[in-house]
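Readers should treat all values here as calculations from the given coordinates under stated rules, not as data from a laboratory. Remember, it's a predicted structure, so these values are computed and weren't measured experimentally. Quick reminder, even Gly has a Cβ in these numbers, built from the backbone with ideal geometry, and neighbours come from all protein chains shown.
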Amino acid sequence: MSRFSKLHCALIGATTFALLLVAVGPTASQSGGCLFCGRTRFESWRCGVKFRDQVRETQWSAWVGGMHPNHTNHIWGTSSTTLSGWGFGPKTIGCGGIGDGGVAQIHYLRTQLGESRARALLDKYHDQLRVDRD
């Protein structure tokens with residue numbers, strides 16, 4: 001076997017091992033939202049390395065963004081978590097939690113309360129978040 005063939009076989013073997021490691025390695029994912037603005041977030045890890053971190057706008061976060069356009073200090077809450085070990089073993093799944101907080105509900109009630117009362121309720125909610133955070 002030539003030196004090139006040995007190197008070629010070693011490279012193929014290392015690549016196969018790396019792909020197998022990623023395919024059956026431990027995984028984790030977590031979703032939730034910002035308690036202040038209502039944006040949603042999804043994060044994923046494989047073999048301990050984060051490979052996805054998505055933040056998305058929602059109807060209610062767009063509404064809050066109109067009142068707080070410079071908001072960047074997110075307060076992330078978790079609504080679900082999934083963990084799995086090596087191979088195809090058992091998964092741990094946690095559902096529920098605080099998700100995106102009360103912003104979505106206040107946005108929903110806006111049609112019944114009216115814009116000014118909904119904004120006042122949102123301001124109270126934000127004040128309470130600031131108190132709880134400090």
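Structural remarks
- In terms of packing, defined here as the mean over residues of other Cβ atoms within 10 angstrom, the peptides 35-45, 108-118 line up highest first as 35-45, 108-118.
- Label-to-label distance, I93 versus D123, with points set 7 angstrom from Cα along the beta-carbon direction: 4.3 nm.
- R0 of 22 Å, Cβ-Cβ distance Y108-T78: FRET efficiency to nearest 0.05: 0.55
- FRET efficiency for Q59 and W86, using Cβ-Cβ distance with R0 set to 41 Å, rounded to 0.05: 0.55
- Within the stretch 64-83, backbone nitrogen closer than 19 Å to the virtual label 7 Å beyond the Cα of S44 toward Cβ: 79-83
- Here the simple spin-label model places points 7 Å from the Cα toward Cβ, and for H68 and R52 these points are separated by 2.7 nm.
- When the convex hull of its Cα atoms is projected in every direction, mean area for the stretch 25-101 (nm²): 5.4
- Total formal charge among the other residues, if their Cβ is under 9 angstrom from that of F42, Lys/Arg +1 and Asp/Glu -1: +1
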